[in-house]
Structure formats: C-alpha cells, structure tokens
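The values are calculated or read from the model by the stated rules, or taken from the named source; none is laboratory data. Fair warning: this is a prediction, and the values are worked out from it, not measured in the lab. All Cβ positions, even for glycine, are placed from backbone atoms using ideal geometry, and neighbour counts span all protein chains on display.
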Amino acid sequence: MMALPSITEAKILIVDDNPANIALLEAILEEEDYQHLYSTTDPRDVVGLYRQHDFDLILLDIRMPWLSGFDVLELLAEEFGEDYVPVIVLTAQTDMETRHQALAGGAKDFLTKPFDAWEVLLRIRNCLDTRMYFTRQVMRAEVLEQEVRKRTEEIWHTQLEIVRRLGVAGEFRDNETGAHVERMSHFCSLLARKCGQDEDYATMLFYASTMHDVGKIGIGDQILLKPARLTDDEREEINRHPLIGSQIIGEHPSALMSMARETALYHHEKWDGSGYPHGCSGEEIPLCARIAAVCDVFDALTSTRPYKDAWSMEQAVAYLEEEAGHHFDPHLVQLFVTHLDEFVAIKRRFSDQEIPSA
C-alpha cells in the first residue's frame with residue numbers, strides 16, 4: 001500500500017479577502033515547515049483551485065465580497081463528494097448563529113480572529129490527522145477490494161478449469177478425442193458471438209459446452225465403445241446420456257453451471273421436436289443447446305470414428321443446410337455457413353486428422 005505523506009506535506013488553501021491575514025497564517029505554517037501552501041483573496045477562485053490541486057485542508061474566511069464563506073462551503077460540498085476535506089472557518093464573529101450555519105454547511109472547526117499561533121497549529125494538525133486517517137482507510141479499502149477481486153477471479157478460473165476437466169473426462173470414455181472438446185468450445189463460443197451474444201455469454205459457453213457429453217460417463221463401455229452400429233436397445237440406452245449429464249452437473253444456481261446443465265440436457269433436442277430426451281422444439285430449446293447441436297454435429301460428421309470415415313466439409317455443410325428447420329435452428333445454420341471459413345480454421349487448428357476434400 002502506498003505510504004501517506006507527512007502532515008507538513010499536506011496541501012493547504014487559505015481563502016481570505018485580507019492579504020494581511022493570509023500572510024500571517026502562511027508565516028505561522030512555514031515556521032512549522034508546511035511545504036505546500038496556496039492562497040487567494042477571491043472566493044470565486046476556490047472551486048477551480050480545488051479541482052487543480054486537490055487540497056487536504058481549506059482555511060476559509062466567512063465575510064468576503066462576491067461570495068461569502070457559506071456560499072463557498074455550499075459549492076465545495078458538491079466538489080468533495082465522498083471525499084473528506086476538512087474546512088476550518090476563519091471568523092471574527094463568535095455568535096452562535098454564525099457557528100451553527102458554518103457547521104451545518106460542512107465546516108469542521110473554527111479559528112477566531114485575531115489568530116494565536118498555537119491554536120492555529122493545533123487545530124490544523126487535528127484536522128489533518130483526521131484527513132490522513134480517512135485517506136488511509138480509503139487506501140486500505142481499495143487494497144482489500146483489489147484482493148477480493150483477485151481471489152474472486154482465482155475462484156472463477158478454478159471453476160472454469162474444473163468444468164473443462166470434467167468435460168475432458170467425459171470424452172475419455174468415448175471414441176472422441178480431447179481435440180473434440182477444444183473444437184466444441186471454440187465453435188460454440190464463435191457461433192454465440194455471431195448470433196449477437198455478448199462476450200460474457202460467449203465465454204461462459206466456451207466452458208459450459210465442454211460438458212455437453214459428460215453424461216456418457218454413465219453409459220457402459222460395451223455400448224459406448226462398440227465399433228459397430230448400435231441396436232435399437234443400445235441406442236435407447238445411449239440416448240439417456242443427456243439426462244445423466246444433467247444429473248451429474250446438478251442444479252447449482254451459478255450461471256455457468258446452469259448453462260452447462262442446459263447444454264448437456266438439451267443438445268440432442270431438434271428444432272422440429274423430434275429429438276430427445278424431452279421432445280422440445282424451436283425456441284423452447286435453450287440457445288446454448290441449439291448452438292451446441294450445430295457445432296457438435298458438424299464436428300462429428302467431419303471427424304473419423306471407428307464405425308465411419310470423416311465426411312468432407314462440403315458434405316457436412318450440405319447436411320447442415322438440409323436439416324435446417326428440422327434438426328437445427330435455421331438461423332444458426334445460416335450463420336455457421338456464412339462464416340464457415342472461421343469454423344474450418346478452428347477445426348484445422350485443433351484437428352486430430354485432416355478434413356478430407358470432396
């Protein structure tokens with residue numbers, strides 16, 4: 001934390017229409033090695049000087065031409081905001097009404113004319129001690145806020161990494177590869193941005209989409225790793241993985257986990273309602289799952305599996321377009337195809353095999 005300056009380094013403004021009073025106060029303060037003294041005989045200059053120098057203390061006369069000390073106090077209150085800048089009123093008047101009005105206007109103390117040097121120094125030091133304490137507390141609060149922000153970011157990144165690792169764990173049980181998880185993350189994030197979602201949504205989906213197939217952890221190896229086509233019963237069993245995935249992720253209230261659960265549960269639903277596990281249709285299907293469906297199928301089609309060869313890019317695009325409005329959200333398919341070069345670049349960047357030509 002940055003060290004506070006000493007009392008004598010404080011910036012002090014003296015406001016009095018009598019130059020003799022200013023000279024006297026400056027002499028008293030300079031004798032005690034105060035280094036940053038400013039003064040004006042024109043109260044109209046006070047606000048501008050404060051904005052320029054950010055004073056630690058203001059000594060303010062009450063009876064002045066153009067603006068009274070009360071007027072200046074009112075203007076300064078707007079400038080100070082939440083900052084604590086003590087104002088000591090200079091006055092020859094000791095009546096109760098003057099004191100009440102000054103204190104009500106924000107003054108912190110009084111100095112009565114004619115000045116006694118000891119009283120000037122003690123009242124100024126007391127006000128500056130309070131100012132320095134306030135500044136120290138503000139600085140401490142800022143340091144604590146930075147520390148909390150740092151810890152919060154660390155927790156957030158830890159959560160993201162746990163989500164990503166759990167997604168990778170799901171792929172290890174399948175015939176997929178780790179590269180599929182990377183591709184899905186980048187595909188989904190990119191498509192989310194293309195359909196107008198903000199960066200926070202796209203970043204969340206980048207991580208949430210890694211868990212789209214985490215439910216495959218609950219499917220037996222004899223089905224999950226079968227090199228041949230599945231029987232109807234086996235297909236029915238593997239179709240349970242979205243439900244299993246939603247159970248694994250649970251119903252944690254965080255936005256990230258909610259998105260991960262929706263993606264896992266609904267990414268096999270179809271636009272026309274013929275998907276599983278719930279037969280949802282259209283915009284009943286969460287956007288994150290509709291995005292994941294397009295990206296997952298594209299990646300699956302263009303990847304080699306034990307039971308099939310990789311499709312060419314042209315064949316995969318033709319399938320997406322054919323299924324737009326049936327399997328897939330047609331708007332998402334249009335965006336995917338329009339920006340196909342960007343998705344192919346991701347595919348090649350994280351590829352475990354080349355995309356074959358047509």
>> If residue 280 satisfies all but one of (1) without any contact (Cβ under 8 Å) to a residue 60 or more places away in the chain; (2) over 23 Å from residue 324 (Cβ atoms), what's the number of the condition it fails?
In response: (2)
> Do you know which residues across the range 68-96 are buried (at least 19 other Cβ atoms within 10 Å of the Cβ) and under 11 Å from residue 47 (Cβ atoms)?
Replying inline: 72, 76
>> Let me confirm something: among 266, 307, which residue is among the aromatic types (Phe, Trp, Tyr) and at pLDDT below 95?
In response: 307
> Exactly one of (1) touching a strand residue (DSSP E or B) at 6+ places or on another chain (Cβ under 8 Å); (2) closer than 20 Å to residue 127 by Cα; (3) among the hydrophobic types (A, V, I, L, M, F, W, C) is unmet by residue 27. Its number?
Replying inline: (1)
> List the pairs whose first member sits in the range 256-277 and is on the phi > 0 side of the Ramachandran plot, whose second member is outside any helix (DSSP H, G or I) and not β-branched (Val, Ile, Thr), and whose Cβ atoms are under 8 Å apart, counting only residues at least 6 apart or on separate chains?
Replying inline: 273/279; 273/280; 273/281
> Out of 205, 224, which single residue is within 30 Å of residue 237 (Cβ to Cβ) and at pLDDT 85 or above?
Replying inline: 205
> Taking helices (runs of 4 or more DSSP H) that do not extend beyond the range 1-83, which have at least 1 residues that are of a type in the set (Gly, Ala, Ser) and closer than 14 Å to residue 106 by Cβ?
Replying inline: 69-80
> Which numbered condition trips up residue 40, out of (1) surrounded by fewer than 18 Cβ atoms within 10 Å (Cβ to Cβ); (2) under 16 Å from residue 124 (Cα atoms); (3) among the hydroxyl-bearing types (Ser, Thr, Tyr)?
Replying inline: (2)
> Are any residues in the range 94-115 assigned to a loop (DSSP other than H, G, I, E, B) and either closer than 16 Å to residue 59 by Cβ or at pLDDT 90 or above (or both), and if so, which ones?
Replying inline: 105, 106, 107, 108, 113, 114, 115
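Residue-by-condition table, conditions (1) assigned by TED's automatic domain parsing to the domain that holds residue 184; (2) touching a helix residue (DSSP H, G or I) at 6+ places or on another chain (Cβ under 9 Å); (3) surrounded by fewer than 20 Cβ atoms within 10 Å (Cβ to Cβ); (4) hydroxyl-bearing (Ser, Thr, Tyr):
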position: 267; (1), (2), (3), (4): yes, yes, no, no
position: 271; (1), (2), (3), (4): yes, yes, no, no
position: 275; (1), (2), (3), (4): yes, yes, no, no
position: 300; (1), (2), (3), (4): yes, yes, yes, no
position: 326; (1), (2), (3), (4): yes, no, yes, no
position: 334; (1), (2), (3), (4): yes, yes, yes, no
> Which residues, counting only those in the range 214-248, are part of a helix (DSSP H, G or I) and of a type in the set (Gly, Ala, Ser)?
Replying inline: 215, 218, 245, 246
>> Looking at (1) under 24 Å from residue 264 (Cβ atoms); (2) part of a helix (DSSP H, G or I); (3) at pLDDT 95 or above; (4) more than 31 Å from the chain's Cα centre (by Cα), which one does residue 294 not meet, given that it meets all the others?
In response: (4)
>> Give me the residue from the range 346-358 that is hydrophobic (A, V, I, L, M, F, W, C) and closer than 12 Å to residue 313 by Cα and, out of that set, modelled with the lowest pLDDT.
In response: 358
> If only one of 200, 129 is part of a helix (DSSP H, G or I), at pLDDT 90 or above, loosely packed, with under 15 Cβ neighbours inside 10 Å and not assigned by TED's automatic domain parsing to the domain that holds residue 343, which one is it?
Replying inline: 129
